[in-house]
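All remarks here apply to the structure that follows.
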Amino acid sequence: MTSIKITDEALRQGASQGMDGFLKVFIDKYLEVTGGVINAETMPLLNGCQHSLLGYHFFREEVNEGGFVQLIQNGYGPYIFDNPFAKAMRIFGAKEFSKLVYAAKKIYDAHRADLEAERDDDAFMAMYEQYEAFDDLEEEFMDMEEHVTASLAQYVDEHLEDFAEVVKD
């Protein structure tokens with residue numbers, strides 16, 4: 001595993017921009033280290049806590065833009081649902097979000113082959129009607145997103161050593 005180093009100055013600067021800016025410092029570093037790609041070669045570069053925070057980044061970006069269908073179609077289903085992501089979110093203090101992820105996992109597991117199948121644009125768009133079961137979960141996430149992000153930022157702040165080595169400038 002690579003030692004992820006973040007400067008004290010970068011952390012201070014990120015924190016001055018609020019919880020999103022604070023988390024972005026870590027996420028940007030993880031994306032840099034992995035090249036933004038999660039696969040067999042890059043998985044060992046991060047520890048479990050780092051993967052969980054990066055997973056939240058991908059989850060948030062994809063679900064906010066195109067829902068669970070987009071998250072899964074863009075290849076993040078296994079990263080979110082086959083790893084202890086939901087458990088980590090509970091440990092990080094985002095208990096309701098953890099329950100939401102487990103609920104989405106049930107839908108994912110029941111329809112995985114179809115959800116992950118290659119599709120053209122029309123077939124992709126049709127998935128939104130086919131998988132309306134995700135709609136309520138997406139709305140729930142939109143309602144809790146700010147609270148989840150705040151919980152994660154607080155957890156990271158209280159457990160910095162699990163997320164990066166903070167070095168002096």
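Just a few scattered comments:
- The residues of segment 1-21 that are charged (D, E, K, R), more than 20 Å from His147 (Cβ to Cβ) and part of a helix (DSSP H, G or I), listed by number, are Asp8, Glu9, Arg12.
- Complete set of residues in segment 101-136 that are closer than 28 Å to Arg90 by Cα and open to solvent by 90 Å² or more (accessible area, probe 1.4 Å): Tyr102, Lys106, Glu132, Asp136
- Among (1) modelled with pLDDT under 95; (2) open to solvent by less than 70 Å² (accessible area, probe 1.4 Å), the one test that Phe97 misses: (1)
- Condition check for Val63: within 14 Å of Glu145 (Cα to Cα) and assigned to a helix (DSSP H, G or I): yes
- Just so you know, in segment 51-71 the residues that are free of Cβ contacts under 8 Å to residues at least 12 places away in the same chain and open to solvent by 30 Å² or more (accessible area, probe 1.4 Å) include one that is farthest from the chain's Cα centre (by Cα), and it is Glu65.
- Per-region count, segment 22-42, residues open to solvent by less than 60 Å² (accessible area, probe 1.4 Å), within 25 Å of Asn74 (Cβ to Cβ) and in a helix (DSSP H, G or I): 9
- Of all residues in segment 158-169 being acidic (Asp, Glu) and either outside any loop (DSSP other than H, G, I, E, B) or at pLDDT 95 or above (or both), the one that is most open to solvent (accessible area, probe 1.4 Å): Glu161
- Among the candidates Tyr155, Tyr128, the residue that is under 14 Å from Val63 (Cα atoms) and either part of a helix (DSSP H, G or I) or in contact with a Gly (Cβ under 7 Å, 6 or more places away or on another chain) (or both) is uniquely Tyr128.
Residue-wise test of (1) open to solvent by less than 10 Å² (accessible area, probe 1.4 Å); (2) touching a residue at least 40 places away in the same chain (Cβ under 8 Å); (3) more than 20 Å from Met19 (Cβ to Cβ).
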position: Cys49; (1), (2), (3): no, yes, no
position: Pro78; (1), (2), (3): no, no, yes
position: Glu138; (1), (2), (3): no, yes, yes
position: Met144; (1), (2), (3): no, yes, no
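The values are calculated or read from the model by the stated rules, or taken from the named source; none is laboratory data. Predicted, not measured: the structure shown is a model, and the values here were computed from it. With ideal geometry, Cβ positions are generated from the backbone for all residues, glycine too; neighbour counts draw on all protein chains shown. Only protein heavy atoms, including side chains, enter the accessible area calculation; ligands, DNA and RNA are left aside. Shrake-Rupley method; radii C 1.70, N 1.55, O 1.52, S 1.80 Å.
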